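The values are calculated or read from the model by the stated rules, or taken from the named source; none is laboratory data. No experiment lies behind these values; they were computed from the predicted model shown. So basically every Cβ, Gly included, is an ideal-geometry build from the backbone, and we count neighbours across all protein chains shown. The accessibility values were calculated without ligands, DNA or RNA, using every heavy atom of the protein model including side chains. Shrake-Rupley method; radii C 1.70, N 1.55, O 1.52, S 1.80 Å.
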Amino acid sequence: MKRPYLLLRHRDIPDLNDLTVYRQNGGFEAFRKAVTSLQPQEVVEIVKASGLRGRGGAGFPTGLKWSFIDNKNWPHYVVANADESEPGTFKDREIMEGNPFQFLEGLMIASYAVQANVAYVYLRGEFWQLAHQLDRRIQQLHNAGLLGDRLFGTDYSLRIFTHLGAGAYICGEETALLESLEGKLGQPRLRPPFPPAVGLFGKPTIVNNVETLANVPLIIERGADWYRSFGTEKSPGVKIFCLSGRVNRPGNYELPLGTTFRELIFEHGKGILGGKQIKAIMAAGASSALIVADERALDTPMDYESVPALGAQLGSASIIVIDETVSMDWLIRKTIHFFQHESCGKCTPCREGTYWMKHIIDRIHRGQANQNDVELLYDVASQIRGKCLCALGEFSTEAVLSALERFPQDFAARVAQQEPAL
Amino acid sequence: MTKMITLTIDGIQVTVPEGTNIVDAAKKAGIDVPVFCYHPKMHPVGMCRMCLVEVGRPVVDRATGEFVRNEDGSIKIQFNPKLETGCTTPVSEGMVVINTSEKVKRGRKDILEFLLTSHPLDCPICDKGGECPLQNLTMAHGPGSSRFLFDEKKHLLKHTPLGELIYLDQERCIQCGRCVRFQEELVDDPVIGFSQRGRSLQIVTFSEPGFDSIFSGNTTDICPVGALTTADFRFGARPWELNAAASICQQCPVGCNLTLNVRREAVASGKVVIKRVMPRQNEWVNEIWICDKGRFGYHYTESPERLTQPLVRKEGELQPVSWEEALELVAERFRQAGENLLSVAGGRLSNEDFFNLRKLTEGLGGKTALYTHMGGGDLVALAGMSKDSNLAELGKGDAIFVIASDLHQEAPIWWLRVKQAAERGATLIVALPRPNRLDKFAQHVLRYRYGEESGLVLAMLNVLSAKRPELPESINALWRDAEVQAAAKAFAEAKNAVIFFGSEGVGLQASQALAQACANLLLLTNHVGRPHNGLIAVWQRPNDQGAWELGWRPSPELREAMGKASALYLVACDPAADDPGLPLTPDFLVVQDLFLTATAKLAHVVLPALPFTEREGSLVSGERRVQRYYPAIPARPGARADFAIIGQIGKQLGMDLEDRIASKVMLRIAAEVPAFAGITYTTLAHAPEQWPIIGRADLYYGGTTYENQQGIGVQLPNGVERGEQLTLSWPALVTLAHHGEGYLAVPVTKLYDGGSTLMASHLLDQRRVGSVIWMHPAEASQNAVQDGEFVHLQIGEASAIATVQLDEQVPQGVILAPRSTGIPLHEPRLVQIKVVERS
Amino acid sequence: MNHLREKYASEIEATLAKYPPDHKRAAAMPLLYLAQREYGYVTKQALIEISEILDVPPTEIGQLVGFYTLYYDEPGGKYRIQVCTDLPCALRGAEEFLEQLCENLGIQVGETTPDGLITVEKVMCLAGCDRAPLFQVQTAEGITYHENQSVESAMKLVRTWQSNP
Ligand SMILES: Cc1cc2nc3c(=O)[nH]c(=O)nc-3n(C[C@H](O)[C@H](O)[C@H](O)COP(=O)(O)O)c2cc1C
Ligand code: SF4
Ligand code: FES
């Protein structure tokens, strides 16, 4: 029997993005329960017990993060990270389109848990239409008495506002996001202090990914134990895997954490385009190391512990499938261009390193390079590592170093075709 | 007491206050951790990643909280596998920092190599060449040769003006953000910023005029490469060709310490010329900053218009004569005048000048008068800042009260230091009838009507004490005001408290009253005679306070006194320009100045004086710090130092005055004036070590501000400390007619005015206020006056033409007029306004 | 005279109401979109108007325009076709799509058609990787997504704009 969807419930229930339909299906009962019968601390404890981990990439335990909020400094804010800009990631968008109220309800419960009276949804600027839809839905919630002052007759009040970014991947990084929300350049802040201590407008702030928040109403409604019945011991729950690249059926797949790459790619994704051979997998979008798609890898469960054993990360679970027709110099040229374009420029190694890598890879790709350039590229990428202010710079080296280490033949072949450089 | 932390850096044990970062801790131990983005005066941002170090921390047993030990008994240290940025990592107990390992060197070399991928390496033609942190650090840590292909370098705009004062070379910029952070964090003028991103990140300004900040020049000192340069110095010279002379800024009473860089030049026919003005560190005065007026305003000293010969009026014309002839004539006529000699002098003079002039005048039985529109210096001498005071020490628990002064415009560095004290937690009370740049940092903003400033202070006194002088009802209403009450209480409760009083909207008499009211408040709340407490007057000139300390006083009836004197000796003042209606017709008029001023044109004898750049002397700052300045370039032939001229006149008259060596005058001052006891040019030259360490050896750390090797000066003990009595007294309140014939016009002080110490600095032309009056739009529409119109102002017997500028921040019922812009207004007065032309 | 403030008074007020009163600057990005709606791109005048509304120096507004890719400091086509050619889309033929689209429009990437109607741009991932080729269309009014595209479907859209400019 097919497991009912938990996050992509709109696939089971038509028109779930209509408030009436959502409420007919139990919508906002979890929020009501939290506000009327649970102490904020109890909500935090339930989420902690569920083992829910952040779905934005870092996999940080959500309840634990909430418990870090500084209760000596007020007001508090909650910000939903709807920046979704990692290449290969398109899950938050589907949630916000198809099942928006579940996400909003999660945001509202999170706000109650940390006693924030204002929450923001930071959407990438491209989600312009989505933001307008959300605005209308937030208004509906006001009209329905689910947002506003003194909710359910308690002292608790909450307002939600959307805020549109304007085209900058770095604004997905939570501190850059906060800067951007304050009307500044989206450049990451120094950490510590972390947002739960000093966040938006200098106040304690919780930043959570859209998908993370969409889990919360179910956890409150059905309990931590129920939630733990999905997924693995250390990575409980379900996850939306964004499958893209050279597969027959790309798309979002909601599966328990711990599902293998093989099941995702070959059962759900229906195998490789044109029946070609799979060559590599990127598990965390463009920020991933390249996993050599051998049998061991394909049988690896996709969870926060197993993927690192392959020398990669699960990240936001944006699975990009690479087949045998793709040469790695072409591929990392794509990722390098991406990171060079998106580097915020604040710290030296990322700003200069991505720029330098771009020149080298372009040269290699244009056929004007030799093996020394390949080695130089490796050097430059290693030189960036471990020195950047935020993870973007580090991400920019993942595909490069792993491609050079794991697929040297692609580069050797590329430079061998060419005239000796210079 | 802050907790102290002990750690080890490269084997050296260091103990520093908790919260110190690794870079500073190392610096204190004499170890250099290279930095680009970090600056000891700003919060760390960890952007450039140059300061990488290896950091190990003691392993702590979770259960016991004790350090875990190795078998040999030493504390077990766990090293972070990643290098950490020293500037953003606070020290912790038992920390072990490694600054010299291969790993560290490798990390820094990597970062430098990255920085150089974009850098043009145009050191031979760069203004910063020779004092460039990037250049120095590349020598020390950099890669030998470039692995980056030259033709792939990014080519960007060079020499783009950010405004008319500061130029940007985009290619040289290393995006450290020091300039941007200085403007935002330190001086609250975020008028430059980064735009674009990634490798395209660059400094931009959208302000009008460009880079619109009175502190802009400082960014060129802290820029660690040659990306920001001043229009004044760009391509001016190479740093190593320059000689340096210590000096003191003469533009306001703060007394910022300067270094004048000079060079001999062929284009100046082999003469030594000033190439630039740089700040010199004095953490008690200006830290490492100066304002742009101080940096760019010095050009008047090198004006070709300067006087270089004594002039004597013969057959109605001023004609050049020899010094002997001039001095003989002056001495003879002064002798004849005797007690009818009146010497009037302005606050540009040094202590030595004032001392000699008073000796000379009183020796003949004549009278002296300080030329100023502001009083109260006697009270500052009694209850001013005590010895060993430093505004930098004020913070939480202390209070600062600023009244009748727009510090941002009148004394920029005081504005900065007061702002910083407020940011450290000091209670700031700002009282001015209009919004100003300190309001934002104040806990209490008090608005009063022009004319009520003393009343406001007395009202605060009434809040605190039962001694209630009879006050008019309007003032009584003030002390019932909740904000005034709160401010008064906060002031009274403060551990240390300082009052700045200025002269916005007050003239001589009213400011004397204001000073008395402020002194009362300090006395009553026990804020006198202790370090970090006292009264500060925001004078118009650099040495007004010195004059008061040396016994000079303004004359309440100067006009009459000048009318009565048979011989007038006017030094460093230009009353004819300030008050065109003044009848300056004594039997004998001697003017001593730098230029042929309006007053000099009326004189019988004109004596050419030297500017501060060409002589030595000492000044007393508003905080009562005596500071020495040194000659930077040789004296222009023909002109002489003021004290020397005065001394020579004295010699002619057989008096015992020192006329050659300034330091000897100081010895006499010290012998005669109790506050100066013990002060010599040697004590003034005492230069203790300061923090942060600034200097040529490690430019990357603090910038190119000069290290202070020539003396931080000596703060005078005030009267109360020396046992004199400060008594409460109730000044008579001056009442202003707010209504009557015409408008109540109020003089205000603007930084870039038309004063003689600024007019020759054409760089600042765009920013100078002209002859304008500011008025509230409602006021203007009521009286059918429009923005931009020319008006004729009738001020008593004098008149002027001004342009109208409408401004909602001007209180209704008054118009504001800037001082030193040709509008003869010294205190609030009713003036008549007539539109002369529709624009 | 502050044109934006006067024309959009209530909208600006609603935007400002989203943020704490002492953090008005947070409204900078929404107001830049508003300026783009009004003027087509962010003019120097718009910067000054926004800086007045928010009470911050114009530099703090102007610097945002260069950082964020969806703001423009010069005019472009009325419709900006922004094709994603990032890695996942490129694995599904986006680069060929872009090339053919440009050929059909007779312009290069980054250029605007002579009638000023269309600018074609290449952008990074748009979060629609499973529906490549795709592009978004940015106009002064906002942004719309167009997914699972072919050159034919894209050109059809272009023709509707051309016939109704
Ligand atoms: C360069 C970079 C980009 C990121 N982009 C996103 C993003 O688009 N969406 C997101 O939710 N988190 C993103 N993150 C992760 C956030 O910083 C943050 O960890 C997350 O929003 C926390 O939410 P979670 O705990 O619910 O995952 C990004 C991180 C980095 C370093
Ligand atoms: S790593 Fe890149 S994106 Fe992150 S702060 Fe540094 S320059 Fe900016
Ligand atoms: S990162 Fe420490 S000095 Fe720049």
Checked region B:318-331 for anything in contact with a helix residue (DSSP H, G or I) (Cβ under 8 Å, 6 or more places away or on another chain) and among the acidic types (Asp, Glu); matches are B:Glu328
Which residue is nearest to the other protein chains (Cβ to nearest Cβ), if the candidates are limited to region A:148-166 and must be within 16 Å of ligand 1 (Cβ to nearest atom) and open to solvent by less than 10 Å² (accessible area, probe 1.4 Å)?
A:Ala166
Give the residue that is most open to solvent (accessible area, probe 1.4 Å), with candidates limited to residues of region A:300-333 that are within 14 Å of another protein chain (Cβ to nearest Cβ) and within 15 Å of A:Leu401 (Cβ to Cβ).
A:Arg333
Top-ranked residue in region C:86-104 [being in a loop (DSSP other than H, G, I, E, B) and open to solvent by 10 Å² or more (accessible area, probe 1.4 Å); ranked as nearest to the other protein chains (Cβ to nearest Cβ)]:
C:Arg92
Got a number for residues in region A:167-201 being surrounded by fewer than 23 Cβ atoms within 10 Å (Cβ to Cβ), away from chain C (no Cβ under 14 Å) and part of a helix (DSSP H, G or I)?
0
Residue satisfying all of: in region B:64-98; open to solvent by less than 30 Å² (accessible area, probe 1.4 Å) and in a strand (DSSP E or B); nearest to ligand 3 (Cβ to nearest atom) among these:
B:Thr85
Report whether or not B:Glu483 is open to solvent by 20 Å² or more (accessible area, probe 1.4 Å) and acidic (Asp, Glu).
yes
Inside region B:441-458, can you point out the residues that are over 14 Å from B:Ala732 (Cβ atoms) and among the polar types (S, T, N, Q)?
B:Gln443
Quick one: is A:Glu126 assigned to a helix (DSSP H, G or I), within 14 Å of chain C (Cβ to nearest Cβ) and not aliphatic (A, V, I, L, M)?
no
Of (1) in contact (Cβ under 8 Å) with a residue 60 or more places away in the chain; (2) closer than 30 Å to B:Met759 by Cβ; (3) not assigned by TED's automatic domain parsing to the domain that holds B:Pro637, B:Gly294 satisfies all except one. Which?
(1)
Here is a list: A:Gly145, A:Gly88, A:Gly59. Which entry is in a loop (DSSP other than H, G, I, E, B), within 14 Å of chain C (Cβ to nearest Cβ) and either open to solvent by less than 10 Å² (accessible area, probe 1.4 Å) or not β-branched (Val, Ile, Thr) (or both)?
A:Gly88
Which residue out of B:Glu54, B:Glu66, B:Glu71 is farther than 20 Å from A:Pro193 by Cα and within 14 Å of chain A (Cβ to nearest Cβ)?
B:Glu54
Subset of region B:197-219, residues aliphatic (A, V, I, L, M) and within 14 Å of chain A (Cβ to nearest Cβ), comes to B:Leu201, B:Ile203, B:Val204
Out of A:Asp92, A:Asp135, I need the residue that is closer than 30 Å to C:Tyr71 by Cβ, touching a residue at least 40 places away in the same chain (Cβ under 8 Å) and in contact with a strand residue (DSSP E or B) (Cβ under 7 Å, 6 or more places away or on another chain). Which one?
A:Asp92
Out of B:Ala345, B:Ala268, I need the residue that is farther than 17 Å from B:Ala760 by Cα, more than 25 Å from the chain's Cα centre (by Cα) and not polar (S, T, N, Q). Which one?
B:Ala268
Selection from region B:292-344 of residues that are of a type in the set (Ser, Thr, Tyr), surrounded by fewer than 23 Cβ atoms within 10 Å (Cβ to Cβ) and closer than 26 Å to B:Leu364 by Cα:
B:Ser322
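Tell me, yes or no, whether region A:273-285 has at least one residue that is within 16 Å of ligand 2 (Cβ to nearest atom) and either open to solvent by less than 10 Å² (accessible area, probe 1.4 Å) or not in a helix (DSSP H, G or I) (or both).
Checked region A:273-285: at least one residue is within 16 Å of ligand 2 (Cβ to nearest atom) and either open to solvent by less than 10 Å² (accessible area, probe 1.4 Å) or not in a helix (DSSP H, G or I) (or both).
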Is at least one residue of region A:291-298 within 12 Å of another protein chain (Cβ to nearest Cβ) and either farther than 22 Å from B:Arg106 by Cβ or more than 25 Å from the chain's Cα centre (by Cα) (or both)?
no
Which of the residues spanning region B:145-166 are within 14 Å of chain A (Cβ to nearest Cβ) and assigned to a loop (DSSP other than H, G, I, E, B)?
B:Ser145, B:Ser146, B:Arg147, B:Phe148, B:Leu149, B:Lys153, B:Lys154, B:His155, B:Leu156
Matching entry among A:Arg3, A:Arg93 (being outside the structural domain of A:Leu218 (by TED's automatic domain parsing) and either within 16 Å of A:Leu134 (Cα to Cα) or more than 16 Å from ligand 1 (Cβ to nearest atom) (or both)):
A:Arg3
Given the structure, is B:Glu113 of a type in the set (D, E, K, R), more than 16 Å from ligand 2 (Cβ to nearest atom) and in a loop (DSSP other than H, G, I, E, B)?
no
Search region A:202-232 for residues being within 14 Å of chain C (Cβ to nearest Cβ) and open to solvent by 10 Å² or more (accessible area, probe 1.4 Å), and hand back the single one that is farthest from ligand 3 (Cβ to nearest atom).
A:Asn209
For B:Phe354, the lone unmet condition from (1) part of a helix (DSSP H, G or I); (2) under 17 Å from B:Asp587 (Cα atoms); (3) touching a Gly at 6+ places or on another chain (Cβ under 7 Å) is (2)
Within region B:41-63, how many residues turn out to be more than 16 Å from ligand 3 (Cβ to nearest atom), assigned to a loop (DSSP other than H, G, I, E, B) and open to solvent by less than 10 Å² (accessible area, probe 1.4 Å)?
0
Which members of region B:815-838 meet the condition of being of a type in the set (A, V, I, L, M), buried (at least 19 other Cβ atoms within 10 Å of the Cβ) and within 20 Å of B:Gly788 (Cβ to Cβ)?
B:Ile815, B:Leu816, B:Ala817, B:Ile823, B:Val831, B:Ile833
Need a quick list: helices (runs of 4 or more DSSP H) entirely within region B:467-527 having at least 1 residues that are under 16 Å from B:Asn718 (Cβ atoms).
B:508-524
Can you tell me which residue is most open to solvent (accessible area, probe 1.4 Å) among those in region C:63-84 that are facing another protein chain (nearest Cβ under 7 Å) and either part of a loop (DSSP other than H, G, I, E, B) or modelled with pLDDT under 95 (or both)?
C:Thr69
Looking only at region B:167-196, filter to residues that are in a loop (DSSP other than H, G, I, E, B) and among the acidic types (Asp, Glu); which one of those is farthest from the other protein chains (Cβ to nearest Cβ)?
B:Asp169
